[in-house]
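Here's the structure, in structure tokens; my notes come after.
The values are calculated or read from the model by the stated rules, or taken from the named source; none is laboratory data. As the structure is a prediction and not an experimental result, all values here were calculated from the model. Here the Cβ is made from the backbone with ideal geometry for all residues, glycine too, and neighbour counts use every protein chain on show.
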Amino acid sequence: MPVVELSYSRLQKLLGKVSKKQISESLPFLGLDIESEDKDLVRVEYSPNRPDYSTDLGIALGLQGLFGIRSGAVKLNIKKSTDYAINVEQSVAKIRPFVTGIIAKNGRIDDYTIKQLMAMQEDLHFGIGRKRKKSSIGIHDLDKISFPLTYTTTKRDHKFIPLNSDHELTISDILVNTDVGRDYGAILGNSLQVPLILDSKKQTISFPPIINAATTTVTTKTKNLFVEVTGINKDDVEDMLSVVATILQTAGFTLVSTKITGAKNTSPKLESKKILINSGLINQMLGLNLTTTQIISSLKKSRLDASLKGKNIVCTIPSYRFDIFGPMDLVEEVSLGYGIQNLEPILSPSQTLGQTNPISIKLKSLSLTMIGLGYTEALNSSLTSKRVLYEMTNRKPINMISVLDSKSQEHTILRDSILPELLENLSRNIHTSYPQKLFETGTVFSQGNPISETTSFAGISAHQDATFTEIKSILQSALKTGFNLDTETKTFSHSIFEEGRTASVLVNGKIIGIIGEINSKTIENYKIRVPVVGFEISLSGLIFD
Amino acid sequence: MSQVFHEIEKKIIISLKDNTKQTPEQLEKSTHLSPDQIRRGIEWLKLKELAIVNESQIITLSLGKNGLESFHKGLPERKLLDLLKNESKKLSDLQRELGTVFGPAMGLARKNNWVDTSEDKIFLKNHPSELPGEKTLKQIGENKIPKSEIDIDDLSNILKRPDFVIEDIIKTKEISLTENAKSIEITAGSSGAIDVESKVPDVFVARTHPLKDTIDEIREIFVTLGFTEIIGNMTQPCFWNFDALFTPQDHSARELQDTFYLDGISAKNIGTIEQIKKISETHKKSWRYYWDINEAKKMVLRTHTTCVTIKHLAENKPDEARVFSLGRVFRNEKVSYKHLVEFNQIEGVVVGKNATLRDLMGIQREFYKRIGITKIKFWPTFFPYTEPSLQTMVYNDRLEKWVELFGMGIFRPEVTKPLGITKPVLAWGGGIERIAMLKYGLDDVREFYSNNLSWLRSARKCQ
């Protein structure tokens, strides 16, 4: 989950008379988890579905609602203008078809604001922008740009001075020699033509979705901003723009519209949408009995607008709240506005009778039998390694099921057997007193259609006098006592066991597993100094399906 | 202090009363016990402060090859004197008869004024009955003799001759009784009494795994709350793990770096034609992207057990139900004291026309109460497949802070509607290791899977 750093004193300036304690106690009720606190600074985790919480300005809007300082939806006041036009050329359709933008004037930009805007931009890129693939933002100094702009494409030998550089680079250079180029270049694939925004003086403004030009860099001297968003879907670029527009207006900028034409592009509307709900659904879902007035007031506290229309409530949702899909999302907004802390848990009697799964019951019974026989229960990972499963026990790795890109070397292969892991357990306990007797029941995996998962049962005994007879007696007693099954063993050969001291295990004439004295090479591999005997059988098909 | 003695101890004490200082070997003979019994008996008595063990070393002497030859046939100088006993002899004749030892023997005889020379003949001047060194030689003979019993002056005459005398250092123990022990009255025969106060060795009970105990406890709580347990596969197609739960295909949780994909394995059948059609339509409409069925067929290790319950609900479409699923789930994480790649999760649902968010909170509160957690609160949160969504925070007295436990919510219509589920579904779930860590007071979650026998043998059964 993304994290944003907030300053209590700045939030207090934005909110008015609210104490630090009130703020810190209320943040979780906006869905913000406090990660760490250090004097005036607090770091909170926010949900990726609320990109407006990527700045303190957006969080302040939410807190205003909870504290009742300001409620209802934030309205975007966008001055109509025809001065800021972007013409879109047909060539972008194949590579990054949509652009949108807005002008923000007369704001005050200090270092803190720049930092917050940059952090917001990064979070938007990562989250709803899907690492800039779906949509990406460029924020520019308006006064360095001559309108109208052209959103077009260019070849990879096109040159301009990119952000944070003092000399011209070609598109190809940028893609190979800069961090952003390397990180996001793949979005453009092998296309010969790449997207570009030029101004009326043929000056490069931006190379989306990679980097802006150096000329339009925003500094603390910047007064007016131009924000552009490009992407592969018209709704997505406008969603992203609405978040930025809302935050900039909250920061004190005056918004002015842009005029966008060409290649199926149109000017952004950033309009709110309306959803109709009835109080019945809300009360039924929350288990409350709220009046329509209470519901409307709760929605307003969640910074939405609502009014009564006949028996229904019409809810108006500002464009930046595109996380709201339908009535159930409004149920949540009501619960947040009403206050989760005001919901009293209730325990209704169950209409159903509970039942433990028969498999769980049988495994439990087998466990208790093994405990009675003096065996301690072990617990190992199903996802383990080639070393443990095969190399240390000289088993042949055939039909392994492996996972992709594991972050841990010890967890790369799904186990097809439990016994190797129990042997590994013994190797980690060689300085603990003997006898050591372990068992485990659990899932093992094998290639199938697509994969078969069965329950396996393995046991192991290690001490100076461990013998085949001992382990056969144990397995025989466990199956007889637990499930009234008679066990037979037949001479067999298996690489995990010593030749001549290996048998297959049969119940009702069917082979269900293996048993024997562990191969001396394996014991040596693990530096175990006592003889080890063990067995492994499949329970699936034996005591349950 | 207890005055009960083992038979071995009794025999040693009695023997030492007669003969106050003995080596272990001597004790073996006097008590007719085995070396091992003597060793153990001495250890016990030492621990009880009834016996003193003095360790000392003795130097013994024995004869080497040349020493033994001289013992049997006489010293070279003795041989020389014997040859001259009856007559004087020529030097060359003596040389021939005595061989290589003639030189040193002649030197000694001259130095001690036993012989003299006249013209070319050597004659006896003096014939002592015992030559220097002969006493020592006789004393040692073929035995080993403590050096302390030997006349050091006499020894010095032969000590430096090559291969004559061998010195050995032998370490010995001498056992005697302490003053306390001397006054102990040992009654002969066995009274049958044993030392009931002495410490005994630990034995270890075989036991179920502590984490399994917690799992069983949780299972039982939900069964008694009216829930039925269902079991499902750990390997799942993305379709049930993600798509059916309204998680878009380009969501970061679906990336390789968070989820384990099985190498080269895709499911053949993932759901009914209708399920696939409706779920893909919901995704396209809500998330505006190209929904790829091949992506949905990829097999993953389940990231939660919710895939098991949602599939169960899609297949059974109950109007009224309480089910739960309990089992292993997987995340592609770096293993650390707080993260495992594989852990256990409990996850349950309530289906019912009157199911409400407050009921969901009530079930959580009751569950926590039954595992002994009473200080809880609820905070809003976000999950892709529930709306509203909450998380439980519980107060950990040991850490003195609130920690996050189960997440919960009401399944979104985007989840239930495409699968034909018409009644509200309350859902919750969370990791079991976290609860077990609270119960066992562990700070490192890896402990549960290390199978460290000392821990398994010592963890208390009741927490």
Given the structure, is A:Gly482 buried (at least 16 other Cβ atoms within 10 Å of the Cβ), assigned by TED's automatic domain parsing to the domain that holds A:Gly516 and over 31 Å from the mean Cα position of the chain (by Cα)? yes
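For the range B:309-323, give me each residue that is part of a loop (DSSP other than H, G, I, E, B) and either among the aliphatic types (A, V, I, L, M) or within 14 Å of chain A (Cβ to nearest Cβ) (or both).
B:Pro318, B:Asp319, B:Glu320, listed by residue number.
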When you check A:Ala85 against the structure, is it closer than 30 Å to A:Gly181 by Cβ and more than 12 Å from every other protein chain (Cβ to nearest Cβ), yes or no? yes
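Report whether or not B:Glu185 is over 20 Å from A:Asn357 (Cα atoms) and out of contact with any strand residue (DSSP E or B) (no Cβ under 8 Å at 6 or more places or on another chain).
yes
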Within the range A:434-472, of all residues that are among the polar types (S, T, N, Q), at pLDDT below 95 and touching a Pro at 6+ places or on another chain (Cβ under 9 Å), the one surrounded by the fewest Cβ atoms within 10 Å (Cβ to Cβ) is A:Gln464
Under the condition of being closer than 16 Å to A:Phe445 by Cα and not in a helix (DSSP H, G or I), which residue from the range A:383-397 is nearest to the other protein chains (Cβ to nearest Cβ)? A:Leu383
Just checking, how many residues over the range B:246-267 are under 22 Å from A:Leu383 (Cβ atoms), modelled with pLDDT of 85 or more and either in contact with a Lys or Arg (Cβ under 9 Å, 6 or more places away or on another chain) or surrounded by 20 or more Cβ atoms within 10 Å (Cβ to Cβ) (or both)? 10
Which fully enclosed helices (runs of 4 or more DSSP H) of the range A:101-192 have 3 or more residues being out of contact with any strand residue (DSSP E or B) (no Cβ under 6 Å at 6 or more places or on another chain) and under 28 Å from A:Val4 (Cα atoms)? A:111-126, A:179-184
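Residue-by-condition table, conditions (1) buried (at least 21 other Cβ atoms within 10 Å of the Cβ); (2) of a type in the set (Asp, Glu); (3) in contact (Cβ under 8 Å) with a residue 40 or more places away in the chain:
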{"residue": "A:Arg50", "(1), (2), (3)": "yes, no, yes"}
{"residue": "A:Thr55", "(1), (2), (3)": "yes, no, yes"}
{"residue": "A:Gly58", "(1), (2), (3)": "yes, no, yes"}
{"residue": "A:Gly72", "(1), (2), (3)": "no, no, yes"}
{"residue": "A:Lys75", "(1), (2), (3)": "no, no, yes"}
{"residue": "A:Val88", "(1), (2), (3)": "yes, no, yes"}
{"residue": "A:Ser91", "(1), (2), (3)": "no, no, yes"}
{"residue": "A:Lys94", "(1), (2), (3)": "no, no, yes"}
{"residue": "A:Asp110", "(1), (2), (3)": "no, yes, yes"}
Residue in the range B:77-88 that is among the small types (Gly, Ala, Ser) and within 19 Å of B:Gly67 (Cα to Cα) present: no
Of all residues being under 19 Å from A:Gly68 (Cα atoms), assigned to a loop (DSSP other than H, G, I, E, B) and within 18 Å of the chain's Cα centre (by Cα) in the range A:10-53, which is nearest to the other protein chains (Cβ to nearest Cβ)? Just the residue, please. A:Gly31
Would a scan of the range B:398-421 turn up a residue that is free of Cβ contacts under 8 Å to residues at least 12 places away in the same chain, among the charged types (D, E, K, R), farther than 25 Å from B:Asp202 by Cβ and away from chain A (no Cβ under 11 Å)? yes
If you go through the range B:379-397 one residue at a time, how many are away from chain A (no Cβ under 11 Å) and touching a residue at least 60 places away in the same chain (Cβ under 8 Å)? 1
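For A:Lys269, indicate whether it is away from chain B (no Cβ under 14 Å), surrounded by fewer than 17 Cβ atoms within 10 Å (Cβ to Cβ), more than 14 Å from A:Val334 (Cα to Cα) and touching a helix residue (DSSP H, G or I) at 6+ places or on another chain (Cβ under 9 Å).
So A:Lys269 fits the description; yes.
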The helices (runs of 4 or more DSSP H) lying entirely within the range B:1-101 that contain at least 1 residues which are of a type in the set (A, V, I, L, M, F, W, C) and loosely packed, with under 12 Cβ neighbours inside 10 Å are B:35-47
Kindly indicate whether any position in the range A:398-414 is touching a His at 6+ places or on another chain (Cβ under 9 Å) and outside any loop (DSSP other than H, G, I, E, B). yes
Conditions (1) surrounded by 22 or more Cβ atoms within 10 Å (Cβ to Cβ); (2) within 23 Å of B:Glu320 (Cβ to Cβ); (3) in contact with a helix residue (DSSP H, G or I) (Cβ under 6 Å, 6 or more places away or on another chain); (4) within 11 Å of chain A (Cβ to nearest Cβ) -> B:Pro424 fails only (3)
What number of residues in the range A:389-415 are in contact (Cβ under 8 Å) with a residue 40 or more places away in the chain and on the phi > 0 side of the Ramachandran plot? 2
Test B:Asp163 against the criterion of being at positive phi and surrounded by fewer than 13 Cβ atoms within 10 Å (Cβ to Cβ), and give yes or no. yes
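Conditions (1) more than 21 Å from A:Asp123 (Cβ to Cβ); (2) under 33 Å from the mean Cα position of the chain (by Cα); (3) touching a residue at least 12 places away in the same chain (Cβ under 8 Å), marked per residue:
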residue: A:Thr220; (1), (2), (3): yes, no, yes
residue: A:Thr230; (1), (2), (3): no, yes, yes
residue: A:Met240; (1), (2), (3): no, yes, yes
residue: A:Val244; (1), (2), (3): no, yes, yes
residue: A:Gln249; (1), (2), (3): no, yes, yes
residue: A:Phe253; (1), (2), (3): no, no, yes
residue: A:Ile260; (1), (2), (3): yes, no, yes
How many residues does the range A:408-422 contain that are of a type in the set (Asp, Glu) and under 19 Å from A:Gln447 (Cα atoms)? 1
Of everything in the range B:347-361 that's more than 7 Å from every other protein chain (Cβ to nearest Cβ) and farther than 25 Å from B:Ile215 by Cβ, which residue is surrounded by the most Cβ atoms within 10 Å (Cβ to Cβ)? B:Ala355
Which residue out of B:Ile376, B:Ile363 is in the same structural domain as B:Gly429 (by TED's automatic domain parsing) and free of Cβ contacts under 8 Å to residues at least 40 places away in the same chain? B:Ile376
Out of all the residues in the range B:291-304, is one or more surrounded by 13 or more Cβ atoms within 10 Å (Cβ to Cβ), within 37 Å of the chain's Cα centre (by Cα), modelled with pLDDT under 90 and not in a helix (DSSP H, G or I)? no
Single match in A:Pro195, A:Pro268, A:Pro209 (criterion: in a loop (DSSP other than H, G, I, E, B) and either touching a Lys or Arg at 6+ places or on another chain (Cβ under 6 Å) or at pLDDT 90 or above (or both)): A:Pro209
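This table checks each residue for (1) farther than 16 Å from A:Tyr112 by Cβ; (2) among the β-branched types (Val, Ile, Thr); (3) at pLDDT below 85.
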residue: A:Asp38; (1), (2), (3): yes, no, no
residue: A:Leu41; (1), (2), (3): no, no, no
residue: A:Gly58; (1), (2), (3): no, no, no
residue: A:Ile86; (1), (2), (3): yes, yes, no
